[in-house]
1. Once the other residues with Cβ under 15 Å from the Cβ of Tyr323 are scored (Lys, Arg +1; Asp, Glu -1), what is the net sum?
2. Mind ordering 220-233, 79-92, 146-159 by average Cβ neighbours within 10 Å, highest first?
3. Given R₀ = 35 Å, FRET efficiency for Ser152-Arg335 by Cβ-Cβ distance, to 0.05?
Amino acid sequence: MGRSLLISQVTDFNAHALLSMENLIYIITVPLSTSIILANLVIILGISCNRQLHNTPNYFFLSLLVADLCTGVALPFIPLMGLNRELSFASCLVVHIFPNFLFLAFLSNLVMVHYERYICIVDPLHYNTLWMHRNFSLALLIVWTPPLLFASLPAFGWNNWSGPDWNNSCESTQKLPPLSNCSANLTSCCSYKRVFPNAFIYLEVYGLVLPAILFIAGMTGRVLWITRGQMKDICRLHRSVERGNQASDQEQRLNLRYTRCVVAVSLTFLACWVPYLIYMHVSIAFLIIDTKGRSITNIVLSCTGIGSMAVVPMVLGLANKQYTQPAFKLLRKFRDRRIRAFEPAPGGDSEAKITWKKKEKAEDS
C-alpha cells in the first residue's frame, strides 16, 4: 500500500514537472515564433511583389527566409527535444531529426548569403562569374541536402536507442518508479540522448555550428575592414580636390555613417549570436556532467538562444527598404481607406471627384 502511494505521488510530481516545463517553453517560444513567421512573410511578400528584386542574390536571400520561416515554425519544438517523453521509435526520431534539419538548413543558408555578399564586396569584378550564379540550382542543393543527410544519420543507425547510454536519462529501479516522466517500459522513453550520441552532438556543435558562426563573423569583420579602407580613400580624394586639411561635413557624415554601421553590427552580434553561443556551451556542460533532467535555466537559454539567432534574417531583411516597401504601401492603403470610410464622399462637384480619383491613383502608384 505504501509503495503504491509512493509510486503515485512520484508519478504525479513528474507529470506536473513536465507540464510546467512545457508551459514555460511555450510561453517563451510562441511569441518569438509568431514574430519570426510574420516578419519573414512580410519580407517574402516584398521580394515577390517587386520584379526588380528577382535576381540571384535575392533568390539566395529568399531561400534563407524560407529556412528561417521553417525554423520559426519549429522553434517551440526545439527546446522540447530536451524533455523525456513517451514516444515510439519512429515518432522519437521525427521530433528530433526534423527540427535539427531545419536548424542546420537555416544555418547553411545564412552562411551562403553572407558568403555571396562577401564576394560581392571583396571581388566585385568576378562576382557575376561565380559558380553560385552560373549554377543556382546546385547552390540550393548544397545548402539544403547536406543538412538533411547529416540530421538523418540517427535514422540510419547512429543512435543510442538500444545502447546503454540512455539509462542516464530514463532509468528505473525495482524499488522506485522511473525518475523521468517515462513509463516503466523503457522502449517508449524518448530522450535526445537515445537519438543523438555524444559524438554526434560534439561533431554538430564543434564541427558544423561553431565553425559556421566563426566564418560568418570573420566575413563580417573583413567587410567592415574593407569598408573602412574605402572610406579613407574617399576622404583622401575629397581633401585633395578641396585642397583643405580640415575634415569637411561630408567626411564627418561618412564617419558617422560608418560608426553607426559598426555599432549596428556589434549590437546585432551581441543580441543575436551571443545568447546562442552561451546556450550552446551551457548545453555541452550539461552533457559533460550528465545531468538527469532539464533545468529551467537551460530551457530559458535554449528558447532565447535559438530564437535570437533566428532573428538575424529579420534584421537583414527589415533593414532593406526595398523588401519592406510593399508591406508599408499595403498598410498605408488600408489605413487611408479606413480614414475615408469616416469622411464624407465628394458631392456633385465634378472637380472634387476628379481630385479624389487623382489622389487615389497617386497613392496606388
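1. Numbers: positive: Arg51, Arg117, Lys321, Lys329; negative: Asp68.
Summing Lys/Arg as +1 and Asp/Glu as -1 gives +3.
2. Highest mean packing first, the order is 79-92, 146-159, 220-233.
3. The computed FRET efficiency comes out at 0.15.
Where a number appears in this text, it was derived from the coordinates with a stated rule and is not lab data. For clarity, every value in this text was computed on a predicted model and none was experimentally measured. Because the Cβ atoms are built from the backbone with ideal geometry, glycine has one as well, and the counts that use them run over all protein chains shown.
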